[in-house]
Amino acid sequence: MATLNATALGASLFGDHTCTSWKSLPDAQKHTWTNAFLAPLSLTFKGLQKSKEDKYNDDPKASETAIVSIDTFCLEHPALGAADGAGLYLKKLFDMPTSR
């Protein structure tokens, strides 16, 4: 899956947590990593889709939803990494129709 590969490669900039190590991170570290990783990716998605809406950065509670999604992903795919789960979350977020 191209999205997972691209996000996994980008994870090296922010630290690449395995799903095993992800589940033991304190909530504050999950929050910091999630925002550092997804905020710039979301801006990239926004630009690529020529969208006026940044579905991650425009939502003040987006990191909470993303962390739940990454937690679930890591439970289901323990051999993969948090970056894989984060990338999949962001792709699904941008694939959702706008609610306006």
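Return a yes/no flag: does the stretch 35-49 have any residue that is exposed (fewer than 14 other Cβ atoms within 10 Å of the Cβ), modelled with pLDDT under 85 and not in a helix (DSSP H, G or I).
Yes, some residue in the stretch 35-49 is exposed (fewer than 14 other Cβ atoms within 10 Å of the Cβ), modelled with pLDDT under 85 and not in a helix (DSSP H, G or I).
Among (1) in a helix (DSSP H, G or I); (2) farther than 18 Å from Gly15 by Cβ; (3) of a type in the set (Ser, Thr, Tyr), where does Tyr89 come up short?
(2)
Applying the selection to the stretch 11-51, what residues are hydroxyl-bearing (Ser, Thr, Tyr) and in contact with a helix residue (DSSP H, G or I) (Cβ under 7 Å, 6 or more places away or on another chain)?
From the stretch 11-51, those hydroxyl-bearing (Ser, Thr, Tyr) are 12, 18, 20-21, 24, 32, 34, 42, 44, 51; that's our starting set.
Within the stretch 11-51, Thr34, Ser42 qualify.
Return a yes/no flag: does the stretch 9-25 have any residue that is surrounded by fewer than 12 Cβ atoms within 10 Å (Cβ to Cβ), modelled with pLDDT under 95, not in a helix (DSSP H, G or I) and not aromatic (Phe, Trp, Tyr).
Yes, the stretch 9-25 contains at least one residue that is surrounded by fewer than 12 Cβ atoms within 10 Å (Cβ to Cβ), modelled with pLDDT under 95, not in a helix (DSSP H, G or I) and not aromatic (Phe, Trp, Tyr).
If I go through the stretch 47-65 residue by residue, how many of them are touching a Lys or Arg at 6+ places or on another chain (Cβ under 9 Å) and touching a residue at least 24 places away in the same chain (Cβ under 8 Å)?
Looking only at that region, the number is 5.
When the residues of the stretch 50-89 are filtered to those that are in contact with a Leu (Cβ under 9 Å, 6 or more places away or on another chain) and modelled with pLDDT under 90, which remaining residue is farthest from Thr20 (Cα to Cα)?
Among those residues, the one meeting the criterion is Asp54.
Being among the charged types (D, E, K, R) and crowded, with 21+ Cβ neighbours inside 10 Å is the filter here; which residues of the stretch 50-87 pass it?
Initial filter on the stretch 50-87 (among the charged types (D, E, K, R)): 50, 52-55, 58-59, 61, 64, 71, 76, 84.
If the condition is that a residue be among the charged types (D, E, K, R) and crowded, with 21+ Cβ neighbours inside 10 Å, then Asp84 is the only one that fits.
The values are calculated or read from the model by the stated rules, or taken from the named source; none is laboratory data. Being a predicted model, the structure only gives us computed values, none of them experimental. When we count neighbours, we look across all protein chains shown, and the Cβ atoms used for this are built from the backbone with ideal geometry, even at glycine.
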